[in-house]
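Structure, as structure tokens:
The values are calculated or read from the model by the stated rules, or taken from the named source; none is laboratory data. These figures come from a predicted structure and were not determined experimentally. Cβ atoms come from the backbone with ideal geometry, glycine included; neighbour counts cover every protein chain shown. When the accessible area is computed, the model is the full protein with side chains, heavy atoms only, and any ligands, DNA or RNA have been set aside. Shrake-Rupley method; radii C 1.70, N 1.55, O 1.52, S 1.80 Å.
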Protein chains: 2
Amino acid sequence: VSEARTRAEVIITTGGLGPTSDDLTRQCIAELLGKTLIEQADILAHIASYFQTRRRPMPTQTRVQALVPAGATVLMNRNGTAPGLVLEMELSASGPAAKSSLLIMLPGPPRELQPMFSNQVLPLLEKRFPIEGPFVCRVLRTTGLGESSLEAKVAPALEHLVKAGLELGYCARFGEVDVRLLARTGDAPVLVNEAEWLVRDKVGKYVYGSNDDSLEAVLVKALAARRETVAVAESCTGGYIANRLTNVPGASDVFLGGLVTYSNEAKHKLLGVPEPTLANSGAVSEPVARAMAEGARLHLGADYALAVTGIAGPTGGTPEKPVGTVYLALASSAPTVVLRQVNPYDRESFKFVTSQQALDLLRRSL
Amino acid sequence: VSEARTRAEVIITTGGLGPTSDDLTRQCIAELLGKTLIEQADILAHIASYFQTRRRPMPTQTRVQALVPAGATVLMNRNGTAPGLVLEMELSASGPAAKSSLLIMLPGPPRELQPMFSNQVLPLLEKRFPIEGPFVCRVLRTTGLGESSLEAKVAPALEHLVKAGLELGYCARFGEVDVRLLARTGDAPVLVNEAEWLVRDKVGKYVYGSNDDSLEAVLVKALAARRETVAVAESCTGGYIANRLTNVPGASDVFLGGLVTYSNEAKHKLLGVPEPTLANSGAVSEPVARAMAEGARLHLGADYALAVTGIAGPTGGTPEKPVGTVYLALASSAPTVVLRQVNPYDRESFKFVTSQQALDLLRRSL
């Protein structure tokens with residue numbers, strides 16, 4: 001902090017605000033700036049109620065988290081006990097031209113840090129450093145196309161808009177690519193709308209949502225709007241598709257249940273996959289994926305059922321069916337659809353990409 | 001990079017090495033350092049094989065990822081196409097005393113970045129900045145105790161070792177706390193061993209593993225060693241427990257299957273929970289958790305079955321059963337055990353903490 005304040009207008013620290021002996025941020029900063037620490041009653045009450053709700057005794061050393069350097073602004077922590085702290089610091093002599101520097105101390109645990117940053121720090125920064133002039137930013141979220149294939153389809157159509165000031169960006173995450181459309185010119189809204197229209201025209205079937213949408217939330221919403229239901233039968237993804245769907249608040253309106261059938265016996269017993277099919281085609285096969293989806297739809301009485309069976313690895317591959325091979329099936333009132341994919345990734349990435357393909361199979365059919 | 005090289009001996013950049021038009025790191029650095037970019041045949045071959053394995057055409061603009069600034073060391077990317085690049089830079093005149101600075105350019109996507117850092121960058125840094133003298137570090141992983149309760153139990157017993165040079169740290173992640181034992185003195189191994197023994201003596205039942213162990217991996221290993229099997233029945237966790245267990249390579253030896261029974265009908269139909277029990281006690285209740293675990297054990301023929309039923313929120317709470325209430329059951333050849341917990345967190349955190357409690361319930365019984 002001593003060094004950073006000679007050159008930065010905002011300094012953010014994370015961690016070291018907790019109750020244990022190695023949590024030193026609060027104390028060190030107070031010493032550095034010559035501030036006294038004052039116990040604040042409302043923070044203490046918040047900490048006490050945190051433990052009370054969880055039916056746990058409140059250890060005495062957690063009181064240290066109610067100490068605040070004199071003059072600091074407190075960012076209450078809805079997801080933990082240690083509040084964030086904001087201090088205005090005068091810049092040291094050698095610093096830049098700004099009058100003072102803002103020191104923002106945040107808790108380390110991601111689930112406390114992230115909402116505090118989004119809900120409390122961002123508004124503070126936006127107020128201090130207002131965006132000047134027009135600014136429109138929109139993100140279109142796609143799945144099913146690689147980053148460079150996506151650009152090859154989209155970029156030529158947007159060339160004239162880029163010349164007019166559109167900033168075009170791509171962000172590849174695993175199993176999905178974002179297209180970011182940004183403009184700061186006088187006609188920013190028009191530029192971004194026109195760009196969105198062109199992207200949707202070129203690669204519309206790959207676009208599942210925009211900005212903060214997740215594929216699973218889009219799917220739950222679409223099913224709820226149609227008053228339809230879904231069930232899943234999972235082998236290699238081991239419950240991950242059910243987990244993603246049930247991460248969405250309100251999933252219980254559309255998600256009836258899931259069957260994680262790792263063994264052949266479970267596939268037969270719980271989903272009614274015929275034993276000869278398992279014996280003749282193998283568990284990782286088109287007929288088994290089909291029978292799993294149709295069995296899950298029947299057993300759970302759902303409008304749609306997704307099924308996946310594959311080889312997550314690291315072992316179990318063959319020359320014909322290498323590690324990463326997976327069959328995905330969608331059963332509905334229409335004829336069952338089965339896809340074959342190869343996702344040769346580590347185990348957790350395999351599960352993510354496969355779940356993405358399965359959810360997108362249903363999304364497209366809706 | 002221009003600024004950082006005036007004060008740092010190592011500079012790490014992430015991102016901007018991909019194939020799209022906004023991936024500018026490679027080009028910018030080459031310009032800054034006056035290096036030419038040379039296409040490297042082995043990287044090109046790696047990229048081509050990456051697309052071939054996935055049965056996708058290779059877009060021409062991905063070739064740009066085979067360009068390497070003259071003199072750079074290449075870090076091959078086993079999980080993507082863009083390699084990492086390492087360049088030795090002479091320090092500018094105003095820099096510190098070191099002769100040169102190391103510029104390490106890494107790809108942005110976490111699943112490419114993280115293994116590249118652990119497997120290729122760390123060894124490089126360890127070689128360049130060797131640890132001098134003795135150094136022992138051990139992490140004990142615990143679940144079931146808060147950070148300050150843990151410290152209150154452990155710290156007094158370790159006081160004399162801390163005086164002798166033991167560095168004691170705590171890292172609270174969600175639903176678990178690490179105890180870090182570190183020593184750099186001549187008798188470092190003795191200090192750390194003694195400390196571990198004392199920690200296990202004080203809070204042994206909360207310690208599930210050490211260093212890189214995960215709770216689910218510890219559990220799969222313990223079950224495999226006993227040649228026993230597990231099944232799960234999940235309501236509020238929606239497949240997350242099954243997902244965690246099946247993240248462990250070799251899970252198929254011990255995990256028979258899971259039932260995600262979100263609706264009352266599914267609880268009755270798939271797990272045999274009696275309809276009067278559901279009607280009289282409600283789905284979130286001790287008798288239903290018990291019946292779910294016993295039903296799953298019976299239907300899947302497992303040695304153990306875990307079941308959870310609760311209110312993940314954000315809605316559905318009552319004064320008696322607030323949001324976050326959950327019943328966890330373990331069925332085995334011994335009498336069924338049922339726990340009640342209150343985990344008043346956001347939906348995904350609720351699922352994590354609940355899964356942690358369920359897996360730990362089984363771990364402790366083993």
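Under the rule a/c < 1.5 gives rounded, and otherwise a/b versus b/c splits prolate from oblate, where does segment B:265-344 land using the Cα gyration tensor?
prolate
Starting from one equal scatterer on each C-alpha and no solvent at all, send me the Debye-based log10 I(q)/I(0) for segment A:227-366 at q = 0.09, 0.15, 0.18 Å⁻¹, two decimals.
These q points yield log10 I(q)/I(0) values of -0.23, -0.64, -0.93.
Starting from the Cα of A:Lys205, draw a straight line to each of the lysines and keep only those under 18 Å, dropping any in the same chain fewer than 8 residues away.
A:Lys153, A:Lys221
Answer with one residue from A:Asn119, A:Leu85, A:Ala48: the one whose Cα lies farthest towards the positive end of the charge dipole of segment A:1-121, charges on Cβ with Lys, Arg +1 and Asp, Glu -1.
Projecting each Cα onto the dipole axis, the largest value belongs to A:Ala48.
Straight-line reach from B:Lys267: which lysines have a Cα under 20 Å away, not including same-chain ones fewer than 8 places off?
A:Lys267, A:Lys269, B:Lys321, B:Lys351
Taking the Cα atoms of chain A, what is the range of coordinates along each of the three principal axes, in descending order and whole Å?
On the principal axes, chain A reaches 79, 62, 42 Å in Cα extent.
Measure off 7 Å from each Cα along the Cα-to-Cβ vector at B:Ser49 and B:Glu196, then give the distance between these two points in nanometres to one decimal.
That separation, rounded to one decimal, is 3.9 nm.
Each residue of segment B:172-178 in order: what ³J(HN,Hα) in whole Hz does its phi give by Karplus 6.51 cos²θ - 1.76 cosθ + 1.60, θ = phi - 60°, with x for Gly and Pro?
8, 9, 6, x, 7, 10, 8
For chain A, set up a GNM with springs between Cα atoms under 10 Å and report which of A:Ser332, A:Ser148, A:Ser49 has the largest fluctuation.
Result: A:Ser49 has the largest fluctuation of those listed.
So which residue, out of A:Gly34, A:Gly146, A:Gly317, gets the largest mean-square fluctuation from a GNM of chain A using Cα contacts under 10 Å as springs?
Fluctuation is largest for A:Gly34.
Be a star and scan segment B:53-81 for residues whose amide nitrogen sits under 17 Å from the point 7 Å along the Cα-to-Cβ vector of B:Glu88.
B:69-75
Per residue, how much accessible area does the protein assembly as shown show when a 1.4 Å probe rolls over the protein heavy atoms, in square angstrom?
Value for the protein assembly as shown: 44 Å² per residue.
Compute the normalised compactness of segment B:327-366: alpha-carbon radius of gyration over 2.2 N^0.38 Å, N being the residue count.
Against the empirical 2.2 N^0.38 Å value, I get 1.24 for segment B:327-366.
Look at the axis of the rotation that sends chain B onto chain A, then give the chain B residue with the nearest Cβ and the distance in whole Å.
B:Gly239, 2
Compute the separation of the alpha-carbon centres of segment B:168-206 and segment A:313-366 and state it in Å as a whole number.
Between the Cα centre of segment B:168-206 and that of segment A:313-366, the gap is 43 Å.
Which whole-Hz couplings ³J(HN,Hα) result when phi for each residue of segment A:18-29 is put into the Karplus expression 6.51 cos²θ - 1.76 cosθ + 1.60, θ = phi - 60°, listed in order with x for Gly and Pro?
Each residue's phi maps through the Karplus curve to give x, x, 8, 5, 8, 8, 10, 4, 3, 5, 4, 5 Hz.
Please compute, over every Cα-Cα pair in segment B:165-222, the percentage with a separation greater than 19 angstrom.
For segment B:165-222, the share of Cα pairs beyond 19 Å comes to 36 percent.
Let me make sure I get this right: for segment A:302-361, a, b and c are the square roots of the gyration tensor eigenvalues over alpha carbons, sorted descending. Under 1.5 in a/c it's rounded, otherwise prolate if a/b > b/c, else oblate. Which is it?
Taking the square roots of the gyration eigenvalues as a ≥ b ≥ c, segment A:302-361 is prolate.
For A:Leu298 and A:Glu265 in one chain, what is 0.36 nm times their gap in residues minus the Cα-Cα distance, to one decimal in nm?
10.1 nm
What is the Rg over Rh value, at two decimals, for segment B:188-282, using alpha-carbon atoms and the Kirkwood definition of Rh?
Using only Cα positions, Rg/Rh for segment B:188-282 is 1.16.
With +1 on each Lys and Arg Cβ and -1 on each Asp and Glu Cβ, and nothing else charged, work out how big the dipole of chain B is about its Cα centre, in Debye to the nearest 20.
500
Of all alpha-carbon pairs in the protein assembly as shown, indicate the percentage at a distance above 32 angstrom.
Summing the P(r) tail past 32 Å for the protein assembly as shown gives 62 percent.
Which FRET efficiency value, to the nearest 0.05, do you get for A:Asp187 and A:Ser333 by plugging their Cβ-Cβ distance into 1/(1 + (r/R0)^6) with R0 = 60 Å?
0.80
Note the full-extension length gain between A:Asp22 and A:Lys99 as 0.36 nm times their separation in residues minus their Cα-Cα distance, in nm to one decimal.
Extra length from A:Asp22 to A:Lys99 when fully extended: 24.4 nm.
With label points built 7 Å along Cα→Cβ from the Cα atoms of B:Lys205 and A:His160, find their separation and express it in nm.
7.4
Please turn the phi angles of segment B:52-68 into ³J(HN,Hα) values with the Karplus equation 6.51 cos²θ - 1.76 cosθ + 1.60 (θ = phi - 60°), one per residue in order, whole Hz, x for glycine and proline.
Result, rounded to whole Hz: 4, 4, 8, 6, 10, x, 8, x, 4, 6, 6, 4, 4, 6, 8, 7, 10.
Just from the alpha-carbon atoms, what are the Rg and Dmax of segment B:1-136 in angstroms?
Reported Rg and Dmax, both Å: 16.1, 53.
For the protein assembly as shown, with the dipole built from +1 on Lys and Arg beta-carbon atoms and -1 on Asp and Glu ones, taken about the Cα centre, which of B:Ala291, B:Ser149, A:Ser100 lies farthest toward the positive end?
Farthest towards the positive pole: B:Ala291.
Given points 7 Å out from each Cα along the Cα-Cβ axis, report the B:Arg364 to B:Leu125 separation in nanometres with one decimal.
That separation, rounded to one decimal, is 3.8 nm.
With charges only on Cβ, +1 for K and R and -1 for D and E, what is the dipole size of the protein assembly as shown about its Cα centre, in debye, rounded to 20?
In debye, rounded to 20, the protein assembly as shown gives about 880.
What does the helix-only formula give at 222 nm for chain B: each DSSP H stretch with n ≥ 4 adding -39500 (n - 2.57), the total divided by the residues, and the result rounded to the nearest 500 deg cm²/dmol?
Here the helix-only value at 222 nm equals -11500 deg cm²/dmol.
Within chain A, which is the longest segment containing none of the GluC sites (Glu not before Pro) that sit in a DSSP loop and have at most 13 other Cβ atoms within 10 Å?
No qualifying site falls inside A:133-319, the longest such stretch.
Collect residues whose amide H, placed 1.01 Å from N in the peptide plane, falls under 5 Å from the amide H of A:Asp22; neighbours closer than 5 in sequence don't count.
B:Tyr170
Comparing A:Ser355, A:Ser100, A:Ser210, which has the greatest mean-square fluctuation in the GNM of chain A with Cα pairs linked when under 10 Å apart?
Looking only at A:Ser355, A:Ser100, A:Ser210, the biggest GNM fluctuation is shown by A:Ser100.
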